[in-house]
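Inspection log for the structure reproduced underneath, given as structure tokens.
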Amino acid sequence: MEQILQSKEFLFLTKGLRSIFTILMVLIIFVLTMIGVLFAGVMFVPENSVNDFLVQGNITAFVHFEGMEMELADKVAENIQYTKMHVVKLLFTATIYIGLLLFIVVQVRNLLINLSKGIIFSEKNSRKIEWIAYTVVVLGLTVDTFRTYIAYTVIEQTKLGELLVGTGLVKGISFHFAGINWTLLLCGLVIWTIARVFRYGAFLQDEYDATA
């Protein structure tokens, strides 16, 4: 009776998590679609038209960073210069990273589907977990560079660096694009270790089935 209850709880857990990751998958696909629409708009709308709109419009600009929100002064907002190439590069890079997140979500969802079917220790599950681990490692090696590039693009578009240096309170601003997110890297290694455990479990399962 206790095993039946545990089995039902496990199925309920996997189905609930699968629903959550399905929602996440749909949301990420929606975000990618919006980025595609924005990318098309950036490609077709002339750069001069956007800059003219920025000059004529009443703009309120905010910068969000590490849980901190800064409202830029009117002087900074008026100096915003739209550069199509910077925005295109930013959207392209964002598409790559959001695509990697979508890949992880899809792999986890497929893994949960297999677990809900009672398929636990198998080569397919092991490979899915390995691909998740490799993707997390890639994010760990590159995500800090991406975040630095976002900061660089914001500074360049708003000319905020020049204004800060002009106040005399800041001597200079530099950007360090090389960096490793050790938390994500260690998480990737842990996930890879779990994948190897699943692979060994699949091997033992095959051995047991062969002798049964």
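The values are calculated or read from the model by the stated rules, or taken from the named source; none is laboratory data. Values in this document were obtained by computation on a predicted structure and should not be read as measured data. Neighbour counts run over all protein chains shown; Cβ positions are idealised from the backbone, glycine included. We work out accessible area using only protein heavy atoms, side chains counted, and drop any ligands, DNA or RNA first. Shrake-Rupley method; radii C 1.70, N 1.55, O 1.52, S 1.80 Å.
Per-structure values
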item: For Leu91, solvent-accessible area (1.4 Å; no DNA, RNA or ligand), Å²; result: 20
item: Entries of Lys8/Lys128; Lys84/Lys128; Lys8/Lys124 with Cα pairs more than 30 Å apart; result: Lys84/Lys128
item: Fully extended contour minus Cα-Cα distance, from Ala40 to Met25, at 0.36 nm per residue; result: 3.1 nm
item: Counted charge near Val190, where neighbours are those whose Cβ lies closer than 14 Å (Asp, Glu -1; Lys, Arg +1); result: 0
item: Tyr149 accessible area, assembled protein chains, probe 1.4 Å, Å²; result: 40
item: Solvent-accessible area of Arg109 with every protein chain in place, 1.4 Å probe, in Å² to the nearest 10; result: 60
item: Label-point gap, in nm, between Phe10 and Ile96 - each point 7 angstrom along Cα→Cβ; result: 4.1
item: Two-site label geometry, Phe121 and Trp182: point separation in nm, points 7 Å out along Cα→Cβ; result: 3.5
